[in-house]
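Quick notes on the structure that follows.
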Amino acid sequence: MKYGRHFAIVAVLIVIGSIVAYVLLESIYALPLAASEEADGIDALFRGHFILISFLFALVVVFLLYSVVVFRRRPDEPEDVEGDHFHGHTGLEIVWTIIPLMLVVVFGVWGARLLTDIIAPDEDEITINVVGQQWSWRFEYPEHGDITSDELVLPVHQPVRLEMTSIDVLHSFWVPEFRVKQDLVPGQIHELRITPTDEGDYKTRCAEICGTSHAYMISDVRVVSEDDFEAWVEESSTSIAELEPVERGLTWSQQFGCTGCHSPDGTALAGPTWQGLFGSEVQLASGETVLVDEEYIRNSILMPNDQLHAGFGPNIMPQNFEELFAEEEAKYDGEVSIIDDLIVYIQSLSE
Amino acid sequence: MRGLFRFLYYLLTTGLVRALVGQAIGMLAGYGLVNGIRALMGLEPAQEAGWVAGAFLGVFTALLAAGVLGDWLRWAAGRRTELRHGPPAGRPAWTRYLSVDYNHKVIGIQYGVTSIIVLLVGGILALIFRVELAVPGMQFLTPDTYNTIFSAHGIIMIASILAGVGAMGNYLVPMMIGAPDMAFPRLNAFSFWIAVPSAMLIIAAMFVQGWDTGWVAYPPLSIRGPLGTQLFLLGFFLNGFSSIASAINIIVTVLTMRAPGMSLFRMPIFVWGSVAASIIQFTATQTVGLALLMVTMQRLFGLGFFDATVSAPGVPPGDPILYQHLFWFYSHPVVYVFVLPGLGVISELLPVFSRKPLFGYKWIALSSIAIALVGFLVWSHHMFTSGMDEYLRIPFMFSTMLVAVPTGVKFFSWIGTVWGGKLTFPTPMLFALGAISVFLIGGLSGPILGTVPTDLHLHDSYWIVGHFHATMFGGFVFPFFAAIYYWYPKITGRMFNETLGKLHFWLMVPGFWVMSLGQMRIGLLGMRRRIADYDPALQIDFTQTLITIAGLVIGWSVLIMIYNLVSSLRAAPIAAPNPWRSRSPEWQVPSPMPEFNYDRPFVVVGEPYDYGLADSTYVNMQPATGD
């Protein structure tokens, strides 16, 4: 065969090239720690892809580089020397159509089976509700005494069904170590199943552009032992009415997403920090200066556009807290006043 | 001094300036009309409705003022018109390029220069936010400004690519098939000129409160976004007419105006790529137009298409996911619009610089059509995590990976083309080969997104950013640059500086490799896309800095190219009319091309890519009369 020697050399180079490419790929394309059962299956599929990518990359690059080196016009050849003359090869065309087609089927079936495993319900699963809003996460535990939390605490090896929704725009739940992701759609509930396998501290970071502080819509995810989970449930279930007003205020600020925009510690977020706010003088967008007292805080929460803090725009803060608070307070038979608790809490951040 | 005044006079009376002035007047008039009526009715002014009316009217008055609607209006009034050609009477030749001209080569250059200018604007935006992202923390941008800049970057780059596709198609297709011009020259001018005011709307959007939704504008965020969102939606919507009109022109031209003897499988291969792209533009653009219009209607009139909360008993809820279906039904096929012409350029150049036939011409030609068709069946792979109906994920996974098959045919055919050749490496060939390497990286990073389980991790991460930049650069930007270098002598009659060309290549290709691999790496490690700031805990700081540096290198390399192209206009005219020894018909006539391309129609007597076959020609430029 005319190009027999060339093909033999190329074949060897492709084998070497594939191995080199795979080694490089595994180092460049590092994955985070695999911390869920889903991650194990998904990482195997990643590996399969990386192997194929390495081979195909080597295949094309070796052939091209080889041609660039071996089939170049030499300096001693006349300018109008022509190349070899062939138009094509139907056999080759068929081969390099059929083989990729077969690979498509192989990976498709692999992916389909894996997906079926990932979404399959588990009869032991517990349900946790996830509510996303601009720009914070709220986790509710309907099967564990209706706890509300701003961090997602999960018992290790326990299948979890997350039922997720948003109250405003699209968001997306993603813990890279768990490898799965699901959008949160306002007005709809979508589920995501995860079985964490490694205790540790992770984060969920919103993965669908949701406005100004999308980059900072992050919550802690803690995978703990079953015992620690029980303990946490116990602790969190203390009736909110039994807490001190300041502690209640802190809880409300997490539950209603205030902490997504108002930091307790001076960090600049989408809204004014609460540290040192109470008792200070602030300039309003209207130009006048006011003292931040109970009245101001109450008004700012219930009617956010009324006395806008200078430098902060209108219509960013939700306008319906009065309604939301009333709904929540109904659960406690009027024993708590959320707005009062919040004011007390905010005041505590100036001491 | 008088020379300056005369220059300014000519400049200020060009179609471009008239279009911008006309748009400004139309915008104010539209706003005034809506709010004038409201004032008469005792209502408060409606800002957004006013500007929407202004935007539509402004685009119309821009076209009117530029003069592109003139001939059609005269026909409507029953008057005849002549097909104006040649430089405008009594004005310097350069004004031709800033005014309405019907010659496809002038329009091609208008598109091409616009594409490059818009590329620079989009590139500067990218470099601004890449510098911000080089290290964690917010250095000099606010989150809102960041969001506007990345959103604008996306749509501006898309506008640049569409203009570049228009440049290549409009300039090359008539010449390659032996036609004196496109089938519809006035429609051709319209296609270019509507891009001007629609681009202005998008640029205005950046300054009028900006927007934060990315170029995809998903509701509900796009419903509640500031006024800039609306201007962006309208600019995007109106630009669609450019695509649709342009596609009609290319398809009709290719079907009806080919030279005698030019069967479909004897056309230059680029024409296949251009036709395949046009089939997509012609059929899919309408869907995104609809989606954008529906968002506009929901913003202006509260029509709850995408609102999933039930508004009243018995009224079915809307669905934000509906938007995604409508949007991606176009926006996936459009990426094949972006790359099919460029891949056609690669196929066009490799035979010339290998001195042997294009391997498997028919298979390559049909693979472009196959990609166009299969490309319509994959859109929901953008929505695997969206919450759409569960069962849809499987078929879309298979169809998505299926596109790899005709794409593979192209790669293997390119190998077959260079194999056994006598290769030389002037700048155009370097860029064609560089394009293949970058498109390879981009293409190979695709199937991993096609299998749903891996996409669950990678969706909305920087892996996606790496994937589409590599495919866009490999499939459009590099081939576009290759085409510019390759046809530069044909367009200008001069040769660009080869050393600068090589410098451009050697900076840009490695820079791009580093950027692509870096982006994919950080995506795997958890870096999301569309974020102004990232967590140092991800431990990706070094790679982020590397990506920014690579971006800066790429930016500089493009500036080198622009300097080269502009300064070479002053170089000595080239002696040889066919420096690349191409068989293609456009190289058989002098450069720059005559006004109507060919004095007499040529006849096709052989195969386009029979390099190396003794005594064979592709076209007979001087057929005996009566042939």
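The values are calculated or read from the model by the stated rules, or taken from the named source; none is laboratory data. All values reported here derive from a predicted model rather than from experimental measurement. All Cβ positions, even for glycine, are placed from backbone atoms using ideal geometry, and neighbour counts span all protein chains on display.
Quick notes
- Test: A:Gly48 is modelled with pLDDT under 95 and in contact with a Phe, Trp or Tyr (Cβ under 8 Å, 6 or more places away or on another chain): no
- Filter result (under 30 Å from A:Asp198 (Cα atoms), among the aromatic types (Phe, Trp, Tyr) and within 12 Å of another protein chain (Cβ to nearest Cβ)) within segment A:6-42: A:Tyr29
- Among the residues making up segment B:404-435, those that are at the interface with chain A (Cβ under 9 Å from one of its Cβ atoms) and aliphatic (A, V, I, L, M) are B:Ala404, B:Val405, B:Val409, B:Ile415, B:Val418, B:Leu423, B:Leu433.
- Residue in segment A:178-215 that is farthest from B:Val315 (Cα to Cα), counting only those that are of a type in the set (Val, Ile, Thr) and more than 7 Å from chain B (Cβ to nearest Cβ): A:Thr197
- Qualifying residues in segment B:374-403 (those that are in contact (Cβ under 8 Å) with a residue 40 or more places away in the chain and more than 11 Å from chain A (Cβ to nearest Cβ)) - the one surrounded by the most Cβ atoms within 10 Å (Cβ to Cβ): B:Gly375
- Output for segment A:90-141, where each listed residue is within 11 Å of chain B (Cβ to nearest Cβ) and within 30 Å of A:Pro318 (Cα to Cα): A:Gln134, A:Trp135
- Number of positions in segment B:546-582 that are farther than 18 Å from B:Val509 by Cα and of a type outside the set (Phe, Trp, Tyr): 17
- Checking the stated criteria, A:Ile53 turns out not to satisfy the condition of being out of contact with any strand residue (DSSP E or B) (no Cβ under 6 Å at 6 or more places or on another chain), in contact (Cβ under 8 Å) with a residue 60 or more places away in the chain, within 8 Å of chain B (Cβ to nearest Cβ) and of a type in the set (Val, Ile, Thr).
- Total residues in segment A:151-168, condition farther than 18 Å from A:Ala34 by Cα, more than 9 Å from every other protein chain (Cβ to nearest Cβ) and surrounded by fewer than 20 Cβ atoms within 10 Å (Cβ to Cβ): 5
- Only one entry in A:Ser27, A:Ser54 is within 33 Å of the chain's Cα centre (by Cα), exposed (fewer than 12 other Cβ atoms within 10 Å of the Cβ) and not in a loop (DSSP other than H, G, I, E, B), namely A:Ser27.
- Test: residue in segment B:389-402 that is closer than 29 Å to A:Leu45 by Cα and among the acidic types (Asp, Glu): yes
- Filter pass, B:Ser263 being within 14 Å of chain A (Cβ to nearest Cβ) and polar (S, T, N, Q): no
- Meets criteria (modelled with pLDDT under 95, under 29 Å from B:Asp389 (Cα atoms) and of a type in the set (Gly, Ala, Ser)) for A:Gly249: no
- Leading residue by the ranking (farthest from B:Pro579 (Cα to Cα)) among those in segment B:335-373 that are within 11 Å of another protein chain (Cβ to nearest Cβ) and of a type in the set (Gly, Ala, Ser): B:Ala370
- Failed item, numbered, when B:Leu28 is tested on (1) under 25 Å from B:Val113 (Cα atoms); (2) modelled with pLDDT of 95 or more; (3) not aromatic (Phe, Trp, Tyr): (1)
- Residue in segment B:167-179 that is over 24 Å from B:Phe478 (Cα atoms) and part of a loop (DSSP other than H, G, I, E, B) present: yes
- Subset of segment B:148-185 that is aliphatic (A, V, I, L, M) and within 20 Å of B:Pro601 (Cβ to Cβ) - its residue that is surrounded by the fewest Cβ atoms within 10 Å (Cβ to Cβ): B:Ala183
- Selection count, segment A:169-195, where residues are surrounded by fewer than 18 Cβ atoms within 10 Å (Cβ to Cβ) and assigned to a loop (DSSP other than H, G, I, E, B): 3
- Residues within segment A:216-233 that are facing chain B (nearest Cβ under 9 Å) and assigned to a strand (DSSP E or B), tallied: 1
- Tally, over segment B:438-473, of residues that are assigned to a helix (DSSP H, G or I) and more than 7 Å from every other protein chain (Cβ to nearest Cβ): 21
- So B:Thr213, is it outside any helix (DSSP H, G or I) and β-branched (Val, Ile, Thr): yes
- B:Leu565 vs. criteria touching a Gly at 6+ places or on another chain (Cβ under 7 Å) and crowded, with 16+ Cβ neighbours inside 10 Å: no
- In the condition set (1) touching a helix residue (DSSP H, G or I) at 6+ places or on another chain (Cβ under 7 Å); (2) modelled with pLDDT under 95, B:Ile244 is compliant with all but (2).
- For B:Phe140, the conditions (1) over 22 Å from B:Ala46 (Cα atoms); (2) touching a residue at least 12 places away in the same chain (Cβ under 8 Å) are fulfilled apart from (2).
- Within segment A:113-145, being among the charged types (D, E, K, R) and free of Cβ contacts under 8 Å to residues at least 24 places away in the same chain holds for A:Arg113, A:Glu123, A:Glu140, A:Glu143.
- Of the helices (runs of 4 or more DSSP H) lying entirely inside segment B:1-118, the ones with 1 or more residues being buried (at least 21 other Cβ atoms within 10 Å of the Cβ) and among the hydrophobic types (A, V, I, L, M, F, W, C) are found at B:15-40, B:47-66.
- When residues in segment A:91-111 are screened for being under 17 Å from B:Ile448 (Cβ atoms) and surrounded by fewer than 16 Cβ atoms within 10 Å (Cβ to Cβ), 3 of them pass.
Yes/no per residue for (1) surrounded by fewer than 16 Cβ atoms within 10 Å (Cβ to Cβ); (2) at pLDDT 95 or above; (3) within 13 Å of chain A (Cβ to nearest Cβ); (4) under 30 Å from B:Ser151 (Cβ atoms):
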{"position": "B:Gly523", "(1), (2), (3), (4)": "no, yes, yes, yes"}
{"position": "B:Arg529", "(1), (2), (3), (4)": "no, yes, yes, yes"}
{"position": "B:Asp541", "(1), (2), (3), (4)": "yes, yes, no, yes"}
{"position": "B:Val558", "(1), (2), (3), (4)": "no, yes, no, yes"}
{"position": "B:Leu569", "(1), (2), (3), (4)": "yes, no, no, no"}
{"position": "B:Ala576", "(1), (2), (3), (4)": "yes, no, yes, no"}
{"position": "B:Pro590", "(1), (2), (3), (4)": "yes, no, no, no"}
{"position": "B:Pro594", "(1), (2), (3), (4)": "yes, no, no, no"}
